[in-house]
1. Any idea what the dipole of the chain comes to, in debye rounded to 20, about its Cα centre with Lys/Arg Cβ at +1 and Asp/Glu Cβ at -1?
2. Before rounding to the nearest 500, sum -39500 (n - 2.57) across all DSSP H runs of length at least 4 in the chain and divide by the residue total; then give [θ] at 222 nm in deg cm²/dmol.
3. I want to check the label-to-label distance for residue 161 and residue 26. Put each point 7 Å from Cα in the C-beta direction and report it in nm to one decimal.
4. How large is the dipole of the stretch 46-98 about the Cα centre if only Lys and Arg carry +1 and Asp and Glu carry -1, each at its Cβ, rounded to the nearest 20 debye?
5. First select every other residue whose beta carbon is under 9 angstrom from the beta carbon of residue 124; then total the charges, Lys and Arg +1, Asp and Glu -1.
6. If each residue of separation counts as 0.36 nm, what is the full-extension length gain between residue 99 and residue 72 once their alpha-carbon separation is subtracted?
7. Take a quick pass over the stretch 52-164 and tell me how many lysine pairs come in under 19 angstrom between Cα atoms, counting only ones 8 or more apart or on separate chains.
8. Once label points are set 7 Å from the Cα along Cα→Cβ at both residue 154 and residue 169, what is their separation, rounded to one decimal in nm?
Amino acid sequence: MPKENKTTVRTEHELEITRVFEAPRELVWRAWTEAELFQRWYGPKGFTIPHCTIDLRVGGTHLFCMRSPGGQDMWFTGTYREIQPVERLVKTEGFADAQGKAVPATHYGMEGPPMENLFILKLEAQGKKTRMTLRHEGLPVGAGREGAGEGWRQAFEKLAVVLEEQAHARA
């Protein structure tokens, strides 16, 4: 399980989350960049990812469906802006329809979030562990930002379990 879990509000529209995982950096990277692993952990507790495609190249896109515990599907898409394998990943993400066309938050009955957020992921090896820092930019002020922080906390709890399972499967 993680030894470090820190969320910092950088500005009123940004969060920075740092977590140390008991897993090698390559495995944490794969969890972000391989659809099969990504589907197993992304999203808050109770949410699932029934569909995910990842075209991991600069200018490539990703598209995934996040299903709420109540069965509501929300689609997200984005573009990869920077890829430094196992070290750094920069991508955009925003609401979409099932075909990958960007839509406003109001499409899903929400207000506030911008059309696009920016995620900057940095992975640092610490022996057999990985220090992961995620900066999430473009958050709405107020409850939306706090909700995002809690959502990430829950997602990273799920990620820790997936990483542990993967590490045991490889042993």
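Coordinate-derived values only; no laboratory data. On a predicted model such as this, the values are computed, not experimentally measured, just so you know. With ideal geometry, Cβ positions are generated from the backbone for all residues, glycine too; neighbour counts draw on all protein chains shown.
1. Computed about the Cα centre, the dipole is about 480 debye.
2. It lands at -8500 deg cm²/dmol.
3. Result for the modelled spin labels: 2.7 nm.
4. 100 debye
5. +2
6. Here the segment from residue 99 to residue 72 would lengthen by 8.1 nm.
7. Close lysine pairs under the 19 Å cut-off: 4.
8. So the two model labels end up 2.4 nm from each other.
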